[in-house]
Amino acid sequence: MYVMVTDRSESRVFKVAAIGPMVSFSQPEEELDQSSNLHLIYQSGAKTFTYSVVNPDGEITRQEIYDYLDARPRLGMNQAGDIVVNGGVRRIKPGELPAVKLPDEMPLPAKP
């Protein structure tokens, strides 16, 4: 999947950026928010969907993975008017998990 930023007439290309792999039968959903950020969700694996947000400069500002369990992930809008992903289960990235200290890195308990 690629995103291309052009002028209104599509005669001048400003940027082309690779977003990620996509299955051939995927039907991507796209929405523009109030700040002209492009929100995309598309199927990137058997039961995996990729959600990406691209700013008007063509830079990917957010990318998340969702798994299809009970409901297919889809774009929607919350009560505040923000575009969100409804359905599916978001996969947490390793960098979002808290750091775990090994026992030898823990401070010794205070003696009574």
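For this structure, a couple of remarks:
- In percent, rounded to a whole number, the relative contact order of region 47-112 is 23, using alpha-carbon pairs under 8 Å and six or more apart.
- Residue 22 - accessible surface, heavy atoms, 1.4 Å probe, Å² rounded to 10: 80 Å²
- Viscosity 0.890 mPa s, temperature 25 °C, Stokes-Einstein D of the chain from Kirkwood C-alpha radius, µm²/s: 149 µm²/s
- Label positions at residue 24 and residue 46, each projected 7 Å from the Cα along the C-beta direction, are separated by 1.8 nm.
- Net charge over other residues, Cβ less than 12 angstrom from the Cβ of residue 54 (K, R count +1; D, E count -1): -3
- Of the GluC sites (Glu not before Pro) found in region 10-96, those that fall in a DSSP loop while having at most 15 other beta-carbon atoms within 10 Å are 10, 59.
- Scanning the chain for trypsin sites (Lys or Arg not before Pro) that sit in a DSSP loop and have at most 16 other Cβ atoms within 10 Å, the longest stretch containing none of them is 48-100.
- Figure note: 44, 24, 52, 35 ranked by solvent-accessible area, largest first, 1.4 Å probe, ligands and nucleic acids not counted: 24, 35, 44, 52.
- Cleavage-rule hits (chymotrypsin sites (Phe, Trp or Tyr not before Pro)) in region 1-105: DSSP loop, at most 12 neighbouring Cβ within 10 angstrom: 25
- Percent accessible area from carbon and sulfur atoms, the chain, protein chains only, probe 1.4 Å: 54 percent
- Efficiency of FRET from Cβ geometry, residue 97 and residue 33, R₀ 41 Å, rounded to 0.05: 0.90
- Structural descriptor for the chain: relative contact order 16 percent, calculated from alpha carbon pairs under 8 angstrom and at least 6 residues apart.
- One equal scatterer on each Cα of region 56-105, no solvent, Debye formula: the resulting log10 I(q)/I(0) at q = 0.14, 0.29 Å⁻¹ is -0.57, -1.10.
- The residues of the chain present an accessible area of 74 Å² per residue when probed at 1.4 Å with all protein chains retained.
The values are calculated or read from the model by the stated rules, or taken from the named source; none is laboratory data. The structure presented is a predicted model; accordingly, all values stated were derived computationally and were not measured. Don't worry about glycine lacking a Cβ; one is built from the backbone with ideal geometry, like all the others, and counts go over all protein chains shown. SASA here: full protein model, heavy atoms, side chains in, ligands and nucleic acids out. Shrake-Rupley method; radii C 1.70, N 1.55, O 1.52, S 1.80 Å.
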